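Every number here is computed from the coordinates shown, using simple stated rules; none is lab data. The model shown is predicted, which means the values in this text are computed figures rather than measured ones. Positions of Cβ are backbone-derived with ideal geometry, glycine not excepted, and every protein chain shown enters the neighbour counts.
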């Protein structure tokens, strides 16, 4: 997938930090953003972990500086405690166009599954949802301009690097994205309890654009009215009427899409 650079006004405004071997390696190998330098805590470097050695070799091959630093440097720049002594100073996420997400369909190589996450208020939930989409084989992700990729370190950790791997495009609104993908022949689907059919009874083998709403705001009524397919996840208990969390709902629907397509 060829990425297109995100517009940036200055390096100072766009630099951020990725934490941990998995997140940093994902950014390096996916080419999802510029990686300016990698910092490894001295005692971590002395362990000669195979994954760390591979990360260092990959960075050297890409002519990215690798520096040994002390614990205070790591603690100054890390937002969490699961970094394992590895940080990377990186630039802005590169995005593709919505048309790029359909490149394999145009070439006749796939039936696309494109997802949009909108209104998720917690970066960990966002990262977990992206993780599920990537693991289930989604072809691409669509986000609004203001999204949790600004919290790149947290999202990359929560998604196990999937936020760096999954090709991602930007649309101003969910309605705008849906209008574009409908014109390209995709069925517009969303998760809802209103006038919805079971995710296990719906035909999810067709080209699909799926909108997953956030924990509180959910999906707007205007979008629900224009959706071709409203999906509901059946529960195993009749007396439980609360919605699943965003990440859990994303995982259930995404892997049902994968299950149905594997049978075709």
For a Förster distance of 22 Å, can you work out the FRET efficiency between the beta-carbons of residue 99 and residue 228, rounded to the nearest 0.05? 0.60
For the range 137-217, compute Rh as the Kirkwood radius over C-alpha pairs and then the Stokes-Einstein diffusion coefficient at 20 °C and 1.002 mPa s; write the answer in µm²/s, rounded to an integer. 149 µm²/s
Take the alpha-carbon positions of the range 218-264, form their convex hull, and give its projected area averaged over all directions (one quarter of the hull surface) in nm². 4.5 nm²
Binned Cα-Cα distances of the range 148-264, short to long, each 10 Å bin given as a whole percent: 11, 40, 38, 11, 0
Just to verify a number: FRET efficiency for residue 53 and residue 201, C-beta to C-beta distance, R0 = 35 Å, to 0.05? 0.10
Gain on full stretching of the segment that runs from residue 43 to residue 193 - 0.36 nm per residue minus C-alpha separation: 48.8 nm
At q = 0.13, 0.21, 0.26 Å⁻¹, what is the base-10 log of I(q)/I(0) for the range 11-84 according to the Debye formula with one equal point scatterer per Cα and no solvent? Please give it to two decimals. -0.36, -0.99, -1.50
Sorted by Cβ neighbour density within 10 Å, fewest at the top, the residues 77, 83, 134: 77, 134, 83
Counting pairs of alpha carbon atoms under 8 Å apart in space and at least six apart in sequence, what relative contact order in percent does the range 169-263 give? 33 percent
A chain fully extended from residue 144 to residue 15 at 0.36 nm per residue, minus the present Cα-Cα distance, gains in nm 44.4 nm
In nm, to one decimal, how far is the residue 243 label point from the residue 124 one, both placed 7 Å along Cα→Cβ? 2.0 nm
Taking neighbour counts of Cβ atoms within 10 Å as a proxy for exposure, in what order, fewest first, do 223, 255, 240, 95 appear? 240, 255, 223, 95
Can you list, bin by bin at 5 Å, the percent of alpha carbon pairs in the chain, starting at 0? 1, 6, 13, 16, 17, 14, 11, 9, 6, 4, 2, 0
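Tell me, what is the percent relative contact order of the chain, built from C-alpha pairs under 8 Å that lie six or more residues apart? Intermediate results must be reported in sequence, preceding the final value.
On the way: 475 pairs, mean separation 55.7, N = 264.
For the chain, the relative contact order is 21 percent.
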Between the Cα axis of helix 123-136 and the main Cα principal axis of the chain, the angle (0 to 90°, nearest 10) is 70 degrees
Please find, in a Gaussian network model of the chain (springs between Cα atoms separated by less than 10 Å), the residue of 130, 24, 252 whose mean-square fluctuation is greatest. 252
By counting other Cβ atoms within 10 Å of each Cβ, how are 100, 49, 70, 139 ranked from fewest to most? 70, 49, 100, 139
